[in-house]
Amino acid sequence: MSGINFAKVNPATGPLFIHGAQVGDTLKVTINKIDIAKTGAVVTAPGLGLLAKGIEQEETIISQITEERTNYLGFSIPLTKMIGVIGTAPLGEGINTGTPHDHGGNLDTTLLTEGTSIYLPVNVEGALLALGDLHSSMGDGEIMGSGLEVAGEVEVQVEVLKNAKLPLPFVETAELYATLASRETMEEASELALNQMVQFLQEKVGFTFNQAGMFLSLAGNLKVSQSVNPNKTMRVEVKKEVLASKK
């Protein structure tokens, strides 16, 4: 790993020009299918991840993958196929695919699996969608700096939502909504994701700012998507079941 240029990690397929996508639109990307290889690798190195101070040497562990499990040193870990990198072209200067920001990028969020839709801002004509960095298994936080990195293929469905400007990535699954934000610190990212969810609740439910914030204290979940990239990614989740419960 010592020879890796980390300015060029996380290669992504793309950019894909999406016809009809204009600045100010939102791109809805639904993940229909993720097919992965039967072998993957988890890696670590000094200075990588939240346990960096305890890492004395580089290490790579190769793991075998079945249809339902990842085998890690004999332990059976549930398969959680996901996309680590997905985003549109950023506004202004380019951002490498190892760094997440408002355009998406290296979000490393476990929600980005089959059946999930992610909404991304369109900052340039054609959106220029790219994705990659597949994992067979990864826990929230990507604690040691790596999921089980794996080759594979992804099938997505893309829809352009006209004049629906979105400042940050937004995720929808069958069970929940989530706002995602990436900044240099977890605190900055958390505040941004929380404010975006408050705005969503104000528009969807009619809450005041205070009502939305107190609702999140009762029914929202603030989670760490990843803690290892140049910008950290936090998310706020709200279950659809709770939002549909008002009588």
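Compared with the dominant Cα axis of the chain, that is its longest principal axis, helix 209-219 is turned about 40°.
Once the C-beta distance of Lys162 and Ala37 is scaled by a Förster radius of 35 Å, the resulting FRET efficiency is 0.40 to the nearest 0.05.
Taking the longest Cα principal axis of the chain as reference, the axis of helix 186-205 is set at about 40 degrees. Taking all Cα pairs closer than 8 Å and separated by 6 or more residues, the relative contact order of the stretch 1-127 comes to 36 percent. Partners of Lys162 within straight-line reach, counting aspartates and glutamates whose Cα lies under 12 Å from its Cα and excluding those fewer than 8 residues away in the same chain: Asp25. Placing one equal scatterer on every Cα of the stretch 64-166 and applying the Debye formula, the log10 ratio I(q)/I(0) at q = 0.17, 0.19, 0.20, 0.22 Å⁻¹ is -0.81, -0.96, -1.03, -1.19.
Applying both filters, DSSP loop and at most 14 other Cβ atoms within 10 Å, to the GluC sites (Glu not before Pro) of the stretch 159-201 gives Glu175, Glu184. Each Lys and Arg adds +1 at its Cβ and each Asp and Glu adds -1 at its Cβ; summed about the Cα centre, the stretch 10-161 shows a dipole of about 140 debye. For the peptides 28-38, 43-53, residues were scored by their other Cβ atoms within 10 Å and the scores averaged per peptide; the highest-first order is 28-38, 43-53. For Cα extents along the principal axes in Å, the value calculated from this model appears in [x] 52, 41, 34; [y] 46, 37, 34; [z] 58, 37, 37 under label [x]. Applying a DSSP loop filter and a limit of 13 other Cβ atoms within 10 Å to the GluC sites (Glu not before Pro) in the stretch 40-142 leaves Glu56, Glu58, Glu67, Glu68, Glu93. Near Val156, once Lys and Arg are set to +1 and Asp and Glu to -1 for all other residues with Cβ below 15 Å from its Cβ, the sum equals -4. Across the cross-link table entries Lys28/Lys239; Lys165/Lys223; Lys33/Lys247, which are compared at the Cα atoms, the separations over 29 Å belong to Lys33/Lys247. Sequence neighbours fewer than 8 away in the same chain don't count; with that in mind, list the lysines whose C-alpha is under 20 Å from Lys246. List returned: Lys204. Extending 7 Å from the Cα toward the beta-carbon at both Gln211 and Val9 defines two label points whose distance is 4.6 nm.
Charge tally for Gly141 (other residues, Cβ to Cβ under 15 Å; Lys, Arg +1; Asp, Glu -1): -1. Taking a sphere under 9 Å around the Cβ of Asp108 and counting the other residues whose Cβ falls inside, with K and R at +1 and D and E at -1, yields a net charge of -2. What is the stretch 170-243 by shape, rounded, prolate or oblate, if you read a ≥ b ≥ c off the alpha carbon gyration tensor as root eigenvalues and call it rounded for a/c under 1.5, prolate for a/b larger than b/c, and oblate otherwise? Here the stretch 170-243 falls in the prolate category. Between Ser63, Leu216, Gln157, the Cα set farthest toward the positive side of the dipole of the chain (charges on each charged residue's Cβ, about the Cα centre) is that of Leu216.
Laboratory data are not the source of any read-out in this text; all were calculated from the coordinates shown. The model shown is predicted, which means the values in this text are computed figures rather than measured ones. Cβ: placed from backbone, ideal geometry, glycine included. Neighbour counts: every protein chain shown.
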